[in-house]
1. Specify whether the C-alpha gyration tensor of region 1-107 places it in the rounded, prolate or oblate class, a ≥ b ≥ c being the square roots of the eigenvalues: rounded for a/c under 1.5, otherwise prolate if a/b is larger than b/c and oblate if not.
2. Most exposed first by the Cβ proxy, i.e. fewest other Cβ within 10 Å, how do Asp100, Asp151 rank?
3. Just flag the GluC sites (Glu not before Pro) in region 260-314 sitting in loop per DSSP whose Cβ has no more than 16 other Cβ atoms within 10 Å.
4. Which GluC sites (Glu not before Pro) in region 1-82 sit in a loop by DSSP (not H, G, I, E or B) and have at most 15 other Cβ atoms within 10 Å of their own Cβ?
5. Once you have all Cα-Cα distances for region 125-270, histogram them in 5 Å bins from zero and send the whole-percent values.
6. For a Förster distance of 35 Å, can you work out the FRET efficiency between the beta-carbons of Ala327 and Asn203, rounded to the nearest 0.05?
7. Of the beta bridges DSSP finds with both residues in region 181-328, what % are antiparallel, to the nearest 5?
8. Say we join alpha carbon atoms closer than 10 Å with springs in a Gaussian network model of the chain; which of Lys66, Lys315, Lys143 then has the biggest fluctuation?
Amino acid sequence: MNTTIKEMANGIFMARLPMPFRLSHVNVFLFIEEDGFAMIDTGPNLPGVMDALEDVLARIGRKVEKCRRIFITHFHMDHCGLAAIVRERSGAPISLSEIDAQKIRAFSIDHDRVRRMEAFALENGLDRDTIKEVSDIFLSFEKATVPFIADGYLSDQYHLFAGGHDLTVISTPGHSRGHLSFYLPTERALIAGDHLLQHITPNLSPDLIDPAFHPLESYLESLTRIEKLEIGAIWPSHGRPFTNMAGRIADIRKHHAERSLLALQALEEGARTARQVSQSIFGRDLSAFDRMLAMNESYVHLIALEKRGLCGRKKNSAGVCLFEHSAR
Ligand SMILES: [Zn+2]
């Protein structure tokens, strides 16, 4: 499989760990400290990933047992799935945002995430067969994150020192409500998690625990926050590091403006569910999992339009949510 390690700056390594998905890998960051190391993100608890992590650590003369601290960008399995196992073997404390730490705790109880996803999907017009397929996928990946209780919380502007480098925590909510990025001022680099990627736009989905969260609005604000920093290089969680942050952000803004317009246009014919709107935007030829992601992203655009007064929401007698163009 595809495991590589690259020195990004003195004492900082980016390791690319394999994943058995369309998204074929995740990048984690290792900071060399005396005989140990600190890390940002861990990879998922899926077959072969711990072996790959041990392999890259061996290449820089380190062992999992020598991990001193674990920092996490956000709660998704590919970022924190192995954190509890690394902690168990090394004693390293795990830190992340309080919001995402609570999410990991909540989701670890009684298939909580699956139940919340099912209720949300049903309310937004996804058919039962698709929901069943997606539930099975969610259930099959429950073990990909070993649940943990965080040892500490990180918040915006918190200063860290790792591998001889200063890091500043930058809160970048959007892709997840508690998403964090890590800024290295001396390197003019941002360890961006899934906030900014070169070739894909991070999925925006509703927060299943906090329905008041507005992912699109927060995401766009978080782009503005990082634009204010002196950043020469983005070190992302997927794909290669890249330099043209301003150009990439401009492209993503344009992409979301176009999506919002398509979502609004989809309401011109009449009231529609988020699922129906997603068919107008993303088409019909999607896998079950992608149908769910498309519905989520359409919902996120619709509630942003609603906040701007451009559409409204009502429920039909079956409890299904319909969005309506305000001008109609
Ligand atoms: Zn993610």
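Readers should treat all values here as calculations from the given coordinates under stated rules, not as data from a laboratory. These figures come from a predicted structure and were not determined experimentally. All Cβ positions, glycine included, derive from the backbone under ideal geometry; neighbour counts span all protein chains shown.
1. Here region 1-107 falls in the oblate category.
2. Values: Asp100 25, Asp151 14.
The order, fewest Cβ neighbours first, is Asp151, Asp100.
3. On the way: sites: Glu268, Glu269, Glu297, Glu306; in loops: Glu268, Glu269.
Listed in order of number, the matching sites are Glu268, Glu269.
4. Working: sites: Glu7, Glu33, Glu34, Glu54, Glu65; in loops: Glu34.
Sites meeting the loop and neighbour criteria: Glu34.
5. It works out to 2, 8, 14, 18, 18, 15, 12, 8, 4, 2, 0, 0, in whole percents.
6. Working: r = 29 Å, r/R0 = 0.84.
Efficiency for this residue pair is about 0.75.
7. Numbers: 10 of 14 bridges.
Bridges in region 181-328 that DSSP calls antiparallel: roughly 70 percent.
8. Lys315
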